[in-house]
1. Among the residues that make up the range 161-180, is at least one of them surrounded by fewer than 17 Cβ atoms within 10 Å (Cβ to Cβ) and closer than 27 Å to Glu100 by Cα?
2. Hey, among the residues in the range 65-96 that are closer than 9 Å to Pro40 by Cβ and of a type in the set (S, T, N, Q), which one's surrounded by the most Cβ atoms within 10 Å (Cβ to Cβ)?
3. Just checking: which of the helices (runs of 4 or more DSSP H) contained wholly in the range 242-332 hold 3 or more residues that are in contact with a strand residue (DSSP E or B) (Cβ under 6 Å, 6 or more places away or on another chain)?
4. On the given criteria, is Asp221 buried (at least 16 other Cβ atoms within 10 Å of the Cβ) and either free of Cβ contacts under 8 Å to residues at least 24 places away in the same chain or under 18 Å from Ala149 (Cα atoms) (or both)?
5. Gln330 versus (1) closer than 19 Å to Leu58 by Cα; (2) exposed (fewer than 13 other Cβ atoms within 10 Å of the Cβ); (3) touching a residue at least 12 places away in the same chain (Cβ under 8 Å): which is the lone unmet condition?
6. Working only within the range 170-203, note down all residues that are out of contact with any strand residue (DSSP E or B) (no Cβ under 6 Å at 6 or more places or on another chain) and part of a helix (DSSP H, G or I).
7. State whether one or more residues within the range 115-138 are aliphatic (A, V, I, L, M), free of Cβ contacts under 8 Å to residues at least 40 places away in the same chain and either surrounded by fewer than 19 Cβ atoms within 10 Å (Cβ to Cβ) or in contact with a strand residue (DSSP E or B) (Cβ under 6 Å, 6 or more places away or on another chain) (or both).
8. Determine which single condition Thr268 fails, assuming it passes every other condition in (1) out of contact with any Pro (no Cβ under 7 Å at 6 or more places or on another chain); (2) modelled with pLDDT under 95.
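The values are calculated or read from the model by the stated rules, or taken from the named source; none is laboratory data. Since the model is a prediction, treat every value here as computed from it, not as a measurement. Cβ atoms come from the backbone with ideal geometry, glycine included; neighbour counts cover every protein chain shown.
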Amino acid sequence: MNPSKRLVLGRAAAAFAGLTLAGLSFAQSLPGRPVTLMVPYPAGGVSDVIARTISSTLSKQLGQTVIVDNLGGASGGIAAQKVLSAPADGHMVFQGSPNELVLAPMSNAALKYRSEDFRLVQMISINPLAVFARKDLPASNGDELLAYARKAAAEGKPMTYASVGAGSMYHLLGEHLSKLTGIPMTHVPYKGSAPALQDLMGGQVDIFITPYGTGQVAMIDQGKLKAVAVLSADRQQLLKNVPPLQDTPALKGFVFDTWAGYFVRKDTPEPVVQALHKALGEVANDPAIREALEAQAMVVPRPQPLPALARLYEDNAAKYRAIAKAMNLQPQ
């Protein structure tokens with residue numbers, strides 16, 4: 001064998017051995033114990049759909065049972081604190097975003113963690129947002145929504161908007177909408193998107209800015225609620241008849257989305273982080289997983305190396321803090 005081929009084969013063997021050792025290290029640290037995906041909202045919402053879509057594939061990659069645990073409250077902060085209170089051994093993985101890890105502790109004095117207490121292991125989805133409304137709200141675009149909000153405020157009954165908790169991104173977007181337009185609106189917090197949607201369908205709240213998927217589209221088709229506008233720059237395939245909110249002159253540039261990823265405690269051993277990173281990367285590259293999530297209007301980003309993920313998380317944390325500062329978010 002010539003030296004160059006021997007060198008290539010040697011490097012390939014070393015790489016394979018490294019991955020194998022990482023996987024063995026992870027498996028050896030979890031003998032017969034399941035891995036928990038901690039979802040910070042009740043069952044039935046978009047976050048729950050993501051976790052249950054990937055759980056069986058992740059289980060195969062890890063060689064361990066994967067359990068989805070839904071724990072809502074405090075804008076996702078209760079679930080985040082539960083992850084921090086568990087051992088840093090990879091048994092408990094948080095599915096979330098800067099919404100729960102940056103904004104929640106900024107708005108809730110009872111939450112004692114910081115975004116730096118967590119490490120991003122992999123992203124799984126980028127999720128578009130839309131403004132949903134009770135079925136009888138007299139608005140089908142941004143202009144009509146603002147006209148209704150002005151009329152309601154003038155009558156002393158400000159338009160109500162739901163969120164998944166005080167200090168959540170969806171709360172801040174509602175505040176941002178109110179500030180930009182100068183129209184008073186009333187915030188109604190919930191423990192997750194599922195109970196918020198239930199009340200929206202029941203007419204107890206006027207609008208809800210939230211990620212969406214085929215479940216919400218089915219509710220529209222069944223006449224249970226309506227979509228007023230998307231927060232994307234352009235129309236979206238799943239809601240192709242719904243205009244962007246930024247088409248409204250007063251809301252030009254009102255374009256937002258959110259993303260979900262997997263986090264562990266920052267002091268989790270590196271071999272465990274590496275094994276989880278590899279397994280979640282394989283999940284994100286799985287064609288069936290990508291197809292299932294993309295059918296829900298999500299974008300599934302290609303897996304990134306850990307240093308790039310660290311930079312992404314740091315940059316997003318700074319961005320969310322800036323939004324909170326602009327909205328004068330204060331701990332309650």
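1. Yes: one or more hits.
2. Among those residues, the one meeting the criterion is Ser75.
3. 270-285
4. Working: buried (at least 16 other Cβ atoms within 10 Å of the Cβ): no; either free of Cβ contacts under 8 Å to residues at least 24 places away in the same chain or under 18 Å from Ala149 (Cα atoms) (or both): yes.
In short, no.
5. (1)
6. Scanning the range 170-203 gives Leu172, Glu175, His176, Leu177, Lys179, Leu180, Thr181, Ala194, Pro195, Leu197, Gln198, Asp199.
7. No, the conditions are met nowhere in the range 115-138.
8. Failed condition: (2).
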